[in-house]
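What follows is one structure encoded as structure tokens, with my remarks underneath.
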């Protein structure tokens, strides 16, 4: 990259604090015209705060932002849009009941009438120029996640963005969709548009021109991607050596079926959610479930945890049929359940760690002194868990809502691992966690498996499955596409199956 | 009894009464529809209508101008809505609780002011009320003419509002913005459109309409004010919006359905049927409960209705 190219965006000494917490400290970086610039960092490193400052959602406490050399005050997203900045948010901001066209056009234009025809024309021009497939008349709610991503990108380009900020755009995409996304990004760059990509996936980061690494709110360095290695970047990001990611070799898969699921079928709101799902799970085995979120994973887990009753099919634990079991019965059979949304389904934010650790078992005599809760027993239990699981918290009486994602997850793991004498159900246990916490979850799952527990593990991160699972079951639209032996499976093959493409996968 | 009800003249009078009864409900319901479409649940409609009825009467009595009364009622409704908006949109106070507080305020203030203004007199003085304005030509039409085109100006206004608000919500740029505020306010915010001004405007429009709706009761038809004269109509308005699935035309249908029931019970009372009149009075409200119970769950409700918008 020629250093004489004028910087599209210059950030100088930007600092932003929330109360005592400094989210961004003295950050200076340049994003050049026609550059793919990656912002790399762990969760909580300050990436989102920085991008929110650049999009006018937050106002920095100190520092300066310049666009094409001229200082700008970004007091609102409107200011950012006028400065030519567009943003695709990690959680899409679309109205499901609006058409694609309405989602793109709302809040733009002038006058009283909504000029559909000219909006349609402009959308067509953008889609053609960058080869984006989009049907303007479809309802946003009917689109796949990948298609919603296109809407978000066109939305930003529609307002004339010359700098596009993409906040973890591939977190929810299939490998195929993410390849297409990068093809579009390259076309944007060729056209002189700058792209700032926020990510912590190395395969994506390595495709950028330059990388700025953030750690604990500070800029570690901005480097040319061609001049660094993945390991170097990872070390910069976490400030030390990365935890070993090698798949632990082992020769024994325990014997004896623990869980047997046959023809599980479920419909929700009249739509099929699960179609004839069957699988077996043995003691000491990890069965991975791959799939883009919303393809039936949650439904399988809810059926197995006793939260939902399937329409038909059978579930048996050690030969005993349990189709209409309640969550309490399931827990009584030695089933632990780590739900995908930890703050919604896994914890009560306003309760303390000690209380959360006993949720669901508060009637057990272990936690009671007569009719009252035995606070001493609760606290002792919590102290043990905090020590065993290295939970970073002031003590047993800390409220779970104040914990970081990783520490909140550790509280759930501590509770559910204790319950899971036979079976552990883990739905997206590493979602949103940073590298260090992911390594911890991996080690704990391996330990639990080695103890002879049967583990069902769903994850959108294929790395999790390839590193941990003995077999990988791929889900698409509520059905099992295939179950593969991890040793023989490839990322590509799993990726195709996740997108519902049976034939290519069979050929691969 | 049925024979009596089915006479043409009686039917025509029921139909005309339906239209008249529908007027205040429709005015307030269309206003509430717009407010709820922007994501704000204004539960204070009853209080705003009641204050509109009282201030409308008071202003008309003092000034001698009915239209000044309507104007004052609109202003009152708008002001109460402004208070509601400051509480719920800016200060993020719970919308339902704030609405209930405004209802209590409306009931208390109108009663207190009534006693202060007309001390000693058991009844408020009767003032002239709006008269029917036949539309030349159309009112001559057989059967429908006298029913539809021999009504008060506010009635014409209420029915005209239905297509106007429909066009506004579904065909204009601003309507799209209002609906977006109710479905996903963040989608507006990231486009650089402030959410609060949109919701303020929608809520204040709703308050103005509730105020005018209230004024129709006092200066529009009764020609006087009696304590608690709205008598639950503001609550019925909220049910009408739900039963009307948050869309202008179904809201009109729901309004007419409830009004027809009310008109019927008046007529039946008039005939002097041997049914306790309390049972007849209950009819619209019983039907409202049934309508709520059988309607599709949350169908059509704006996705973030009642949820204050906070930027992360």
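Annotation note: Cβ proximity below 6 Å between a residue of the stretch A:166-185 that is closer than 14 Å to residue A:496 by Cβ and a residue that is assigned to a loop (DSSP other than H, G, I, E, B) (sequence gap 6+ or interchain) occurs for A:174/A:292; A:174/A:499; A:176/A:499; A:178/A:170. The set of residues in the stretch A:460-474 being part of a loop (DSSP other than H, G, I, E, B) and surrounded by fewer than 24 Cβ atoms within 10 Å (Cβ to Cβ) consists of A:460, A:461, A:470. Of all the listed residues (A:360, A:336), the sole one being in contact with a strand residue (DSSP E or B) (Cβ under 7 Å, 6 or more places away or on another chain), in contact (Cβ under 8 Å) with a residue 24 or more places away in the chain, closer than 24 Å to residue A:458 by Cα and not in a helix (DSSP H, G or I) is A:336.
Report yes if some residue within the stretch B:147-161 is in a loop (DSSP other than H, G, I, E, B) and without any contact (Cβ under 8 Å) to a residue 60 or more places away in the chain; otherwise report no. Yes, the stretch B:147-161 has at least one match.
Residues of the stretch B:63-70 include none that is under 13 Å from the mean Cα position of the chain (by Cα), over 28 Å from residue B:301 (Cβ atoms) and touching a residue at least 60 places away in the same chain (Cβ under 8 Å). Any chance the stretch A:54-67 includes a residue that's outside any loop (DSSP other than H, G, I, E, B) and within 27 Å of the chain's Cα centre (by Cα)? So far as the stretch A:54-67 goes, yes, one or more of its residues are outside any loop (DSSP other than H, G, I, E, B) and within 27 Å of the chain's Cα centre (by Cα).
Only one entry in A:160, A:107 is in contact with a helix residue (DSSP H, G or I) (Cβ under 8 Å, 6 or more places away or on another chain), in a loop (DSSP other than H, G, I, E, B), at positive phi and crowded, with 18+ Cβ neighbours inside 10 Å, namely A:107. Give the residues of the stretch A:363-390 that are surrounded by 15 or more Cβ atoms within 10 Å (Cβ to Cβ) and part of a helix (DSSP H, G or I), sorted by residue number. If the condition is that a residue be surrounded by 15 or more Cβ atoms within 10 Å (Cβ to Cβ) and part of a helix (DSSP H, G or I), then A:367, A:377, A:378, A:379, A:381, A:382, A:385, A:386 are the ones that fit. Per the conditions (1) part of a loop (DSSP other than H, G, I, E, B); (2) buried (at least 21 other Cβ atoms within 10 Å of the Cβ); (3) free of Cβ contacts under 8 Å to residues at least 60 places away in the same chain, the sole criterion not satisfied by residue B:302 is (3). Within the stretch B:175-193, the set of residues being touching a helix residue (DSSP H, G or I) at 6+ places or on another chain (Cβ under 7 Å), facing another protein chain (nearest Cβ under 7 Å) and in a helix (DSSP H, G or I) comprises B:176, B:177, B:180, B:187, B:188, B:189.
For the stretch B:131-139, the condition holds for at least one residue, the condition being that it is farther than 18 Å from residue B:252 by Cα, more than 10 Å from chain A (Cβ to nearest Cβ), at pLDDT below 95 and assigned to a helix (DSSP H, G or I). Among the residues of the stretch A:79-92, some residue qualifies, meaning at least one is within 10 Å of chain B (Cβ to nearest Cβ), surrounded by fewer than 18 Cβ atoms within 10 Å (Cβ to Cβ), free of Cβ contacts under 8 Å to residues at least 12 places away in the same chain and within 30 Å of residue A:405 (Cα to Cα). Please work out which residue is nearest to residue A:391 (Cα to Cα), limiting yourself to the stretch A:435-459 and to residues that are in a helix (DSSP H, G or I) and touching a strand residue (DSSP E or B) at 6+ places or on another chain (Cβ under 7 Å). Checking each candidate, the answer is A:445.
With respect to (1) out of contact with any helix residue (DSSP H, G or I) (no Cβ under 7 Å at 6 or more places or on another chain); (2) buried (at least 20 other Cβ atoms within 10 Å of the Cβ), the lone exception for residue A:155 is condition (1).
Scan the stretch A:120-128 and give yes if some residue there is closer than 23 Å to residue A:31 by Cβ and within 31 Å of the chain's Cα centre (by Cα), otherwise no. Yes, the stretch A:120-128 contains at least one residue that is closer than 23 Å to residue A:31 by Cβ and within 31 Å of the chain's Cα centre (by Cα). Selection over the stretch A:43-78 of residues that are touching a helix residue (DSSP H, G or I) at 6+ places or on another chain (Cβ under 6 Å), closer than 15 Å to residue A:90 by Cβ and away from chain B (no Cβ under 13 Å) gives a count of 0.
The values are calculated or read from the model by the stated rules, or taken from the named source; none is laboratory data. Since the structure is predicted, the reported quantities are computational estimates derived from the model, not experimental observations. Cβ coordinates were reconstructed from backbone atoms using ideal geometry, including for glycine residues, and neighbour counts include every protein chain displayed.
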